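J.: The structure that follows is given in the form of structure tokens.
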């Protein structure tokens, strides 16, 4: 620390003129966590940890909240700046621009992963024979339309849809509870702590996609409540994943659940009320697709805004459709099959994701503290929605 | 004919976006948007014609798989 206080000045254009409330912030993050929770975490985690997945989730929850403290702190230290912008402020243009660009590239890649997963789900279970490119291209059009409409529009959509997702999942878990056999979950930690701890990087890498909070915070009407919003969203998401893991393990047993590609679907298939309300897989699909479309819009918006900030553009909208169109061939070729996808998601992805989500942010944080750099205090009044 | 069809969406996006931006004299935005459309179109064409297009997953795996093996994730 040299005790010198430097005020980072520069071109700090807010590319999106929307503003979101803390409540909307929470539901935006809940949508993202719900979609990744349904898509990747339960099936991948159960392969590693068997019945002890819930312990991995609790540890990841605590680690992610600690990481969120850094993002919340940086968001307040650099008011009205996203992490892409304060990377340049803290590290200087030569190092800051490439480091800042890693964030939008990561969001863009996360989009490709989720897009690939949802197309595989639809083709395998609901639309057999349909070419993946049709599903992906159609979905990307809707996603790009949403992202181009702006953060405020997506926030309002999330505020309406995400509570429904949570409600439907909670209802399904409640209905399936009488059929659960909790003896499948015993004994806990049978193979020691190692399998449980090796599940933490995987879970944490998906939870930490909520570093999106670093992109939302400049648009939040009360940025001081960003950590609280993240805490609420992450706790809701964690409870959903714990519920799904415990339910699928207790319903079909640890081994079949761990070897299933879509263990959540096994839960939905047994839900029946009387003899008239059953086969509600379509409801499940509606949640999975709805949450995925919303998350993809949010991630695409974040990557377009981040890229526009990297290049110093005055608007992000012209980048949305080109980025979305490029995602179509990318998501078609990234994996040769589901085995490749499982290997990648378990091995290289957690390290890549955590190096961006935690590594780069902690680097920026330390450099900003050591160099005593902070953002220019804003006089911009918060507009209540 | 199919090769042209693959490029049509990218050409339409580039025409609409870049055209609108140039009318408003936003040259930098037009260059970035047009560049992304061009790269996306070339990538799609490469996938269709089975060129060895760069795969981000292969790149990330080459970078992080040795570390994943070393820390015992694989």
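J.: What shape does chain B take by its C-alpha gyration tensor, where a ≥ b ≥ c are the square roots of the eigenvalues and a/c under 1.5 counts as rounded, a/b above b/c as prolate, and the rest as oblate? Walk me through the intermediate numbers first.
T.: On the way: a/c = 5.20, a/b = 1.88, b/c = 2.77.
The shape class here is oblate.
J.: Please determine, in degrees from 0 to 90 and to the nearest 10, the orientation of helix B:27-48 with respect to the longest principal axis defined by the Cα atoms of chain B, where the helix direction is its Cα long axis.
T.: The two axes meet at around 60 degrees.
J.: Is the shape of segment A:65-113 rounded, prolate or oblate, going by the alpha carbon gyration tensor and its root eigenvalues a ≥ b ≥ c, with a/c under 1.5 for rounded and a/b larger than b/c for prolate?
T.: Values: a/c = 2.34, a/b = 1.15, b/c = 2.03.
The shape class here is oblate.
J.: Just to confirm the number: angle between the C-alpha axis of helix A:281-311 and the first principal axis of chain A, 0 to 90 degrees, nearest 10?
T.: Rounded to the nearest ten degrees, it is 20.
J.: Relative contact order (percent) for segment A:83-210, with alpha-carbon contacts under 8 angstrom and 6 or more residues of separation?
T.: On the way: 34 pairs, mean separation 14.4, N = 128.
After rounding, I find 11 percent.
J.: If I build a Gaussian network model for chain A, linking alpha-carbon pairs within less than 10 angstrom, which residue out of A:53, A:129, A:237 has the largest mean-square fluctuation?
T.: A:129
J.: In what sequence, highest mean first, do B:23-33, A:147-157 appear when ranked by Cβ atoms within 10 angstrom? Present the calculation step by step, with values, prior to reporting the outcome.
T.: Values: B:23-33: 16.5, A:147-157: 21.0.
Ranked by mean Cβ neighbours within 10 Å, highest first: A:147-157, B:23-33.
J.: What nm value, rounded to one decimal, do you get for the distance between residue B:5 and residue A:58 when each label is placed 7 Å out toward the C-beta?
T.: 5.6 nm
J.: If the elastic network links every pair of Cα atoms under 10 Å, which of A:18, A:75, A:199 fluctuates the most in the Gaussian network model of chain A?
T.: In the Gaussian network model the winner is A:18.
J.: Taking other Cβ within 10 Å of each residue's Cβ, how do B:10, B:48, A:86 sort, fewest first? Before the final figure, lay out each step's value.
T.: On the way: B:10 25, B:48 16, A:86 28.
Placing the least packed residue first, the sequence is B:48, B:10, A:86.
J.: Turning to a different aspect of this structure: If you average the sequence gap of Cα pairs under 8 Å that are 6 or more apart and divide by the length of chain A, what percent do you get for the contact order? Walk me through the numbers before you get to the answer.
T.: On the way: 560 pairs, mean separation 161.3, N = 385.
It rounds to 42 percent for chain A.
J.: Taking 8 Å as the Cα distance limit and 6 or more residues as the minimum spacing, I'd like the relative contact order of segment A:266-319 as a percentage. Please report the intermediate quantities before stating the final value.
T.: Numbers: 25 pairs, mean separation 10.0, N = 54.
RCO, segment A:266-319: 19 percent.
J.: Once you have a ≥ b ≥ c as the square roots of the Cα gyration tensor eigenvalues for segment A:241-282, tell me rounded if a/c is under 1.5, and otherwise prolate or oblate according to whether a/b is larger than b/c.
T.: Values: a/c = 2.26, a/b = 2.06, b/c = 1.10.
Prolate is the answer for segment A:241-282, as a/c is 1.5 or above and a/b outweighs b/c.
J.: Looking only at A:280, A:57, A:373, which one moves most when chain A is put into a Gaussian network model with springs between Cα atoms under 10 Å?
T.: A:280
J.: OK, next. Measure nothing fancy, just the Cα-based angle from helix A:93-121's long axis to the longest principal axis of chain A, in degrees from 0 to 90, nearest 10.
T.: 20 degrees
J.: Per the helix-only calculation at 222 nm, which mean residue ellipticity applies to chain B, given -39500 (n - 2.57) for every DSSP H run of n ≥ 4 and division by its residues, nearest 500 deg cm²/dmol? Kindly include the intermediate steps, with their values, before the conclusion.
T.: Values: 3 runs with 60 residues, N = 74.
The helix contribution divided over chain B gives -28000 deg cm²/dmol.
J.: Just tell me how shielded B:50-60 is by partners: mean number of partner chain Cβ atoms within 10 Å of each residue's Cβ, no decimals.
T.: Working: counts 0, 0, 0, 3, 2, 5, 9, 15, 4, 2, 8.
The per-residue average across the peptide is 4.
J.: Can you give the calculated 222 nm mean residue ellipticity of chain A, where each DSSP H run of n ≥ 4 adds -39,500 (n - 2.57) and the sum is split over every residue, rounded to the nearest 500 deg cm²/dmol? Mind dumping the intermediate values first?
T.: Numbers: 18 runs with 267 residues, N = 385.
Calculated from helices alone, the mean residue ellipticity at 222 nm is -22500 deg cm²/dmol.
J.: So, one more: How big is the convex hull of the Cα atoms of segment A:4-162, per residue, in Å³? Walk me through the numbers on the way to the answer.
T.: Details: hull volume 26.3 nm³, N = 159.
Given the Cα convex hull of segment A:4-162, per-residue volume reads 165 Å³.
J.: Let me ask something else. Calculate, in nm to one decimal, what residue A:141 and residue A:340 gain on full extension: separation in residues at 0.36 nm each, minus their alpha carbon distance.
T.: Working: separation 199, 0.36 × 199 = 71.64 nm, distance 2.69 nm.
Extra length available between residue A:141 and residue A:340 comes to 69.0 nm.
Rule-based calculations on the coordinates, nothing more; no lab input. In this text the structure is predicted, and so the values were computed from the model without any measurement. In this analysis, Cβ positions are derived from the backbone assuming ideal geometry, glycine residues included, and neighbour counts consider all displayed protein chains.
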